[in-house]
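Here the structure comes first, spelled out in structure tokens, and everything after it is commentary.
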Amino acid sequence: QLNNLHGYDVVVTSYGLLQLESELFAKVQWHTIVLDEAQAIKNAATKRSAAVMALKGDFRIAVTGTPLENHLGELWNLFRFINPGLLGSIEQFNLRFAAPIEKPQDHRAELGARKRLRRLIQPFILRRTKSQVLTELPSRTEITLEVDLSADETALYESLRRAALENLEKVEGPAEKKSIQILAEIMKLRRACCNPNLIAPELKLASSKLSAFAHLLENLLDNKHKVLVFSQFV
């Protein structure tokens, strides 16, 4: 497909495929490159970032709701794609901006670094806040539905809880090792509360939570509502 592109063709790809076929994508001279969820290349040391930086294009756009998650180096890498050289090398960027802002020793120097960085990047940023784009939506209403476990589910949960305590008593080694085991046991208990088949499918227990969800969903659909469902465990 990449060998037979013509004007006005649009190519949509995932970051995973782009990384796997980096050489093929890098051979094409693109007119416009759009990175959606651009925080995917926040780490300059990854192969994914290298694959994106290898792309050749006349115009570049990065779209993201989280341009900065951990440190300013992530912002530097996004701008390395959008406008290479604008913020200098990573060493220069850390010296001029990251160090004074993230590890301030002088409040005046920190403010100065923030102003300089803002002045550099502002012309290249179109920022819209939630209040600007969601004016037509009503305020969110949250309803928490509590679901009681059945007798069988309660018995399974109790057996898992006792087994977890026994497993934790057997853990030897540093405190960090026990902390990880504690987290693992808690996650197992949470999955059991969600649906016992996530933990013990061989028991074939009915899930009270899934049953309550089905009833709720039926009512929503009967009333012609649109539904978007998120589940922490599959």
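The values are calculated or read from the model by the stated rules, or taken from the named source; none is laboratory data. Values in this document were obtained by computation on a predicted structure and should not be read as measured data. A quick note on method: Cβ atoms are made from the backbone with ideal geometry, for glycine too, and the neighbour counts reach across all protein chains shown. Accessible surface areas use protein heavy atoms only, side chains included; no ligands, DNA or RNA. Shrake-Rupley method; radii C 1.70, N 1.55, O 1.52, S 1.80 Å.
When only residues in segment 51-71 that are β-branched (Val, Ile, Thr) and open to solvent by 50 Å² or more (accessible area, probe 1.4 Å) count, which is modelled with the lowest pLDDT? Break it down stepwise before answering.
Step one: of segment 51-71, the residues β-branched (Val, Ile, Thr) are 52, 61, 63-64, 66.
Subsequent filtering for residues that are open to solvent by 50 Å² or more (accessible area, probe 1.4 Å) retains 61, 63, 66.
Working: 61: 95, 63: 93, 66: 83.
Looking at the filtered set, the residue picked out is 66.
Can you find even one residue in segment 210-227 that is touching a residue at least 40 places away in the same chain (Cβ under 8 Å) and either in a helix (DSSP H, G or I) or touching a helix residue (DSSP H, G or I) at 6+ places or on another chain (Cβ under 8 Å) (or both)? Steps first, please.
Taking segment 210-227 first, the residues touching a residue at least 40 places away in the same chain (Cβ under 8 Å) are 212, 216.
Narrowing further to those that are either in a helix (DSSP H, G or I) or touching a helix residue (DSSP H, G or I) at 6+ places or on another chain (Cβ under 8 Å) (or both): 212, 216.
The answer is yes; a qualifying residue exists.
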Failed criterion for residue 92 (all others in (1) closer than 24 Å to residue 36 by Cα; (2) at pLDDT 90 or above; (3) not β-branched (Val, Ile, Thr) hold): (1)
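For segment 1-26, enumerate the residues that are within 24 Å of the chain's Cα centre (by Cα) and of a type outside the set (Asp, Glu). Give the derivation first.
Filtering segment 1-26 for residues within 24 Å of the chain's Cα centre (by Cα) gives 11-22.
Hits for segment 1-26 are 11, 12, 13, 14, 15, 16, 17, 18, 19, 20, 22.
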Residues satisfying the stated conditions in segment 83-116, i.e. crowded, with 16+ Cβ neighbours inside 10 Å and in a helix (DSSP H, G or I): 93, 94, 96, 97, 98, 99, 100, 101, 110, 113
Some residue of segment 179-196 being of a type in the set (S, T, N, Q) and more than 19 Å from residue 149 (Cα to Cα): yes
Looking only at segment 140-173, and only at residues there that are in contact (Cβ under 8 Å) with a residue 24 or more places away in the chain and among the aliphatic types (A, V, I, L, M), the one that is nearest to residue 196 (Cα to Cα): 156
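Name the residue, out of 139, 150, 131, 208, that is open to solvent by 100 Å² or more (accessible area, probe 1.4 Å) and among the hydroxyl-bearing types (Ser, Thr, Tyr). Give the derivation first.
On the way: 150 fails: open to solvent by 100 Å² or more (accessible area, probe 1.4 Å); 131 fails: open to solvent by 100 Å² or more (accessible area, probe 1.4 Å); 208 fails: open to solvent by 100 Å² or more (accessible area, probe 1.4 Å).
Only one candidate passes the filter, namely 139.
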Among the residues listed as 137, 78, the single one being in a loop (DSSP other than H, G, I, E, B) and not charged (D, E, K, R): 137
Subset of segment 160-178 [in contact with an Asp or Glu (Cβ under 9 Å, 6 or more places away or on another chain), closer than 30 Å to residue 145 by Cα and open to solvent by 80 Å² or more (accessible area, probe 1.4 Å)]: 161, 165
Residue match in segment 179-201 (condition: open to solvent by 60 Å² or more (accessible area, probe 1.4 Å), within 21 Å of residue 152 (Cβ to Cβ), in contact (Cβ under 8 Å) with a residue 60 or more places away in the chain and basic (Lys, Arg)): no
Leading residue by the ranking (most open to solvent (accessible area, probe 1.4 Å)) among those in segment 1-50 that are within 19 Å of residue 61 (Cβ to Cβ), in a helix (DSSP H, G or I) and of a type in the set (S, T, N, Q): 39
